[in-house]
Amino acid sequence: MNRLITFEGIDGSGKSTQISMLCSKFEENNIKFISVREPGSTTISEMIRSILLDKTNHGLGSESESLLFMAARAQITHEVIEPALNSGKFVICDRYIDSTIAYQGYGRGLDIPYLKSLNQYATRNIIPELTFILDVDKETSIDRRDPRETDRMESGGDEFIKKVINGYRTMAKENDRFRLLNGTKPPLDLFENIWMIITNTFGELHV
């Protein structure tokens, strides 16, 4: 069992809030961990992130988009995630392999089995032990987001976002590592549920 915990969902689903609360809980309990985001958290991956999210790059093709995400993912896996897991730390990741399946697979319509094989290659087949999908509808996402901060991925239109949401919901039925949670619940109530799932999954959390 590895100690990789990932959070998934569309923008405005509450991932950042729940990750912040989990980091605080780990700190309070002296549990060794790192928190990272995808794409990003390394110099190279952050440079790729800037390309991917820049709204002026409207000509970026879906295949190019996918490969850029894979490159950023390969770098953070090699440089940060794998070493942390090997040292016994928990890794809390804001997005990971499932974002590609939801956004480029279900959202863009690219070949999902092929994307899964690319994920395996990019991550050396490091699969999360636990993945929380925070489920909200498109309207909730829009209400929660600052329209001035909408990036290229989230400006893909209503139908695109609906496909991503449905993609996440479909994925949640495919594997028992997924936990599909209601992202509209009060944050503290939602976190209590998340913490209970974590302790049930990992048992006694060692410092």
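Within a Cβ distance under 10 Å of Ser45, other residues only, what is the Lys/Arg minus Asp/Glu net charge?
Details: positive: Arg37, Arg49, Arg73; negative: Glu38, Glu46, Glu79.
It works out to a net charge of 0.
Among the listed pairs Lys55/Lys163; Lys55/Lys162; Lys55/Lys116, give every one whose C-alpha distance is greater than 22 Å. Long pairs (Cα-Cα over 22 Å): Lys55/Lys116. Run the simple label-point estimate for Lys116 and Leu67 please: 7 Å along Cα→C-beta, distance reported in nm. Modelled inter-label distance: 2.3 nm.
A Förster radius of 25 Å combined with the Cβ-Cβ distance from Arg169 to Asp189 puts the calculated FRET efficiency at roughly 0.75. Using amide H atoms built 1.01 Å from N in the peptide plane, name the residues 5+ places from Ser41, or on other chains, whose amide H lies under 5 Å from its own. Those lying under 5 Å, H to H, from Ser41 are Glu46. Dimensions of the stretch 5-139 based on its C-alpha atoms, expressed as ranges along the principal axes with the largest first, amount to 46, 36, 28 Å. Based on the Stokes-Einstein relation at 37 °C and a viscosity of 0.692 mPa s, and on the Kirkwood radius from alpha carbon pairs, the stretch 3-77 is assigned a translational diffusion coefficient of 233 µm²/s. Label-to-label distance, Lys25 versus Glu159, with points set 7 angstrom from Cα along the beta-carbon direction: 4.0 nm. Taken one residue at a time, the phi angles of the stretch 80-93 give Karplus couplings (6.51, -1.76, 1.60, θ = phi - 60°) of 10, 5, 4, x, 5, 5, 5, 8, x, 7, 6, 10, 9, 10 Hz. Gly and Pro are set to x.
Overall, the chain carries a charge dipole of about 240 debye about its Cα centre when +1 sits on the Cβ of Lys and Arg and -1 on the Cβ of Asp and Glu, all other atoms neutral. To put it simply, the accessible area of the stretch 12-93 at a 1.4 Å probe is 51 percent carbon and sulfur.
Which translational diffusion coefficient, to the nearest whole µm²/s, is obtained for the stretch 59-138 from the Stokes-Einstein equation, given a Kirkwood hydrodynamic radius over C-alpha pairs, 4 °C and 1.567 mPa s? Provide the component values of the computation, followed by the final result.
Working: Rh = 13.5 Å.
For the chosen part, D equals 96 µm²/s.
In order along the stretch 19-24, the phi-based Karplus estimate (6.51 cos²θ - 1.76 cosθ + 1.60, θ = phi - 60°) of 3J(HN,Hα) comes to 5, 4, 5, 5, 4, 4 Hz; Gly and Pro are listed as x. Please report the relative contact order for the chain, taking Cα pairs under 8 Å with a sequence separation of at least 6, and give it as a percent rounded to a whole number. Normalised by residue count, the contact order of the chain is 33 percent.
The values are calculated or read from the model by the stated rules, or taken from the named source; none is laboratory data. Being a predicted model, the structure only gives us computed values, none of them experimental. Backbone-built Cβ (ideal geometry, glycine too); neighbour counts: all protein chains shown. Remember, those area values only see protein heavy atoms, side chains included, never the ligands or the DNA or RNA. Shrake-Rupley method; radii C 1.70, N 1.55, O 1.52, S 1.80 Å.
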